[in-house]
Amino acid sequence: MKSAEISKKYELLDEIEHVLKRPGMYIGSTKPHDSTEYLFNGQKFEKEAIQYNPGFLKLFDEIVSNSVDESKRNPNLNQIVVTYNEKNQEISIWDNGGIPVIIHDAQKQWIPEMIFSNLRAGSNFNDAESRTVAGTNGVGSTLTNIFSKKFTIQTADGKNQFTQTFTENMGKRTEPKIQKSNKKFTEISFIADFERFGMNGVDESHINMIRKRLIDIAACNPNLKVQFNKEKVKFRTFKEYAELFVESTFYERSENWELAIAPTNGGFQAISFVNSVETKDGGTHVNY
């Protein structure tokens, strides 16, 4: 085999190229998926046959999970507002937390920029901490950036506000803009690269799945006030959430878990969550 042929056979991709070329390794399937899901009809949950793209929903989930995780560390973070702009297909996730607007001592990069534009950067690496958060590996939010045509970071820590925009699958970025601010918040806005998902935009099925995810988050985190556009979601107990599926439940709670049981006509069924993430395949917690 000639040298040129050998060189063509073996490639060395940078991190962004590898993520875009092998999305299944990072965000799961980017193909349409037919499924029957519980969706909220305005009054209760009912099963509905829909088609959605798991990889696209993963982009949203990575960002909103950051807000949920941070609320575990920061009790002052008690609001999450998600906004969908139908005109430009942009999704924004805002919370009343805030990321330190300082330059990292070792990396010499603004911390917000470091977190959202580097794989394996984040704050979930301390395995000595009690594991109550969804994120563990530091790649999620950057994946959303890589799979977006436009990705904007705005955050303020009570002293300074940071703003930066990435475009073309994180290929280009603006210089960070730093200004004084006494606010505390983080807002991530992104327009997905829909062509990579075989999508033309965010349709009703994906809106319904996003709404379902936010309702689940509110149910698992009664301390959080969750809002989707102008629709506010708040539960006092997990029992209130469970009774959106069935009218009456036997309910128990302890320090670490909450459980609702009700009769069903279709054999054993389970809807379960660990660290605010739905465990569709069950697990040892369901078996127990």
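Observations on the model:
- In this structure the amide hydrogen of residue 104, modeled in the peptide plane, comes within under 5 Å of the amide hydrogens of 109, 110, 111, none closer than 5 places in sequence on its chain.
- Most positive-pole-ward Cα, 181, 192, 170, against dipole of the chain from beta carbon charges: 181
- Accessible surface, 1.4 Å probe, highest first, among residues 86, 113, 258, 48: 86, 48, 258, 113
- Each Lys and Arg adds +1 at its Cβ and each Asp and Glu adds -1 at its Cβ; summed about the Cα centre, the chain shows a dipole of about 660 debye.
- Dipole of the stretch 22-96, positive end: most advanced residue of 39, 85, 65 [Cβ charges, Cα centre]: 65
- Zero-based 10 Å bins, Cα pair distances in the chain, whole percents: 6, 26, 34, 22, 9, 3, 1, 0
- Mean separation of Cα contacts under 8 Å (6+ apart) over length of the chain, as relative contact order %: 16 percent
- Farthest toward the positive end of the dipole of the chain, out of 270, 244, 19, is the Cα of 19, where the dipole comes from beta carbon charges about the Cα centre.
- The angle between the Cα long axis of helix 204-220 and the main principal axis of the chain comes to about 70°, on a 0 to 90 degree scale.
- The charge dipole of the stretch 65-106, taken about the Cα centre with unit charges on the Cβ atoms of Lys, Arg (+1) and Asp, Glu (-1), comes to about 100 debye, rounded to the nearest 20.
- To the nearest ten degrees, helix 54-73 and the longest principal axis of the Cα atoms of the chain are 80 degrees apart.
- Solvent-accessible heavy-atom area per residue, rounded to whole Å², over the chain at 1.4 Å: 58 Å²
The values are calculated or read from the model by the stated rules, or taken from the named source; none is laboratory data. Everything numeric here is computed off the predicted structure, so don't read it as measured data. Cβ coordinates were reconstructed from backbone atoms using ideal geometry, including for glycine residues, and neighbour counts include every protein chain displayed. For accessibility, only protein heavy atoms count, side chains too; no ligands or nucleic acids. Shrake-Rupley method; radii C 1.70, N 1.55, O 1.52, S 1.80 Å.
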